[in-house]
Amino acid sequence: MSDARGQARALTVLTPVARGRTPDLRKTLERLPPGELSPLARLPGTHFARFAIVTDLGGDQLLFSSTFDVHPPGYLGEICSRMPEEADEIWSHCDGYPGTADPEGFVQYLERHRVKTTLFVAAYPDATLDDVRDALALRARLAEFVAPAQSMTPEELQAAFHERVLVEPRERQVVRSG
């Protein structure tokens, strides 16, 4: 399957923007908050997602692209249920959009406009979003540990490594290994 690699999945949806609505759609997309405040951050298992307006296909198109974990079943339904207001604000600029008040119609609309992914590359195909976040947190703890570790005795180094690196200081949870 070309839209899958390991447990990671790719989704590409290309919907036609209604004539004359591109400027309003652009403003809507520009108002979306970035990072953890983004409505896309509410979608479970989403590694990466973005909207873009494509203007050279004989008519403007809204591109939605996402890489997500296979575990959240019904990913399109998750979009409908977890970010309904934003989905309506965005896709209401597109021809034939049924709205999130009709969840089945919403999913069918996006499925109808889904583009088959013919090349999908996942940097960590077997890592879930939580695995990636855990690894990034471990890397940050290691980076903070390096400078103070330079002047420690072997005993201090071992104790500090267990306290600051292997155990999350804030929550005191042991980092998974393996």
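The separation of the range 109-155 from the range 28-77, counted between C-alpha centres, amounts to 20 Å.
Which value in Å is the Kirkwood Rh of the chain over different Cα pairs? Could you put the intermediate results ahead of the total?
Working: mean 1/r = 0.0531 Å⁻¹.
Computed over Cα pairs of the chain, the Kirkwood hydrodynamic radius comes out at 18.8 Å.
Relative to the dominant Cα principal axis of the chain, helix 22-31 is inclined by about 20°. By the count of neighbouring beta-carbon atoms within 10 Å, fewest first, ILE79, ILE53 end up ordered ILE53, ILE79.
Find out how many positive minus negative residues lie around ARG42, taking Lys and Arg as positive, Asp and Glu as negative, among other residues whose Cβ is under 14 Å from that of ARG42.
On the way: positive: ARG82; negative: GLU36, GLU78, GLU85, GLU86.
My count for the surroundings of ARG42 gives -3.
Note on ARG164 and THR12: the extension gain reaches 50.6 nm, defined as 0.36 nm multiplied by sequence separation minus the Cα-Cα distance. Listed by Cβ neighbour count within 10 Å, with the fewest neighbours leading, ASP126, ASP69, ASP24 appear as ASP126, ASP24, ASP69. Helix 129-149 and the long axis of the chain differ in direction by around 40°, with both axes built from C-alpha atoms. Each peptide in 133-142, 10-19, 56-65 gets a packing score, the mean of other Cβ atoms within 10 Å over its residues, and the list from highest to lowest is 10-19, 56-65, 133-142.
Read-outs: derived from the displayed coordinates by stated rules, not from any lab. Not measured: the values here are computed from a predicted model. Counting neighbours? That spans all protein chains shown, and the Cβs are built from the backbone with ideal geometry, glycine included.
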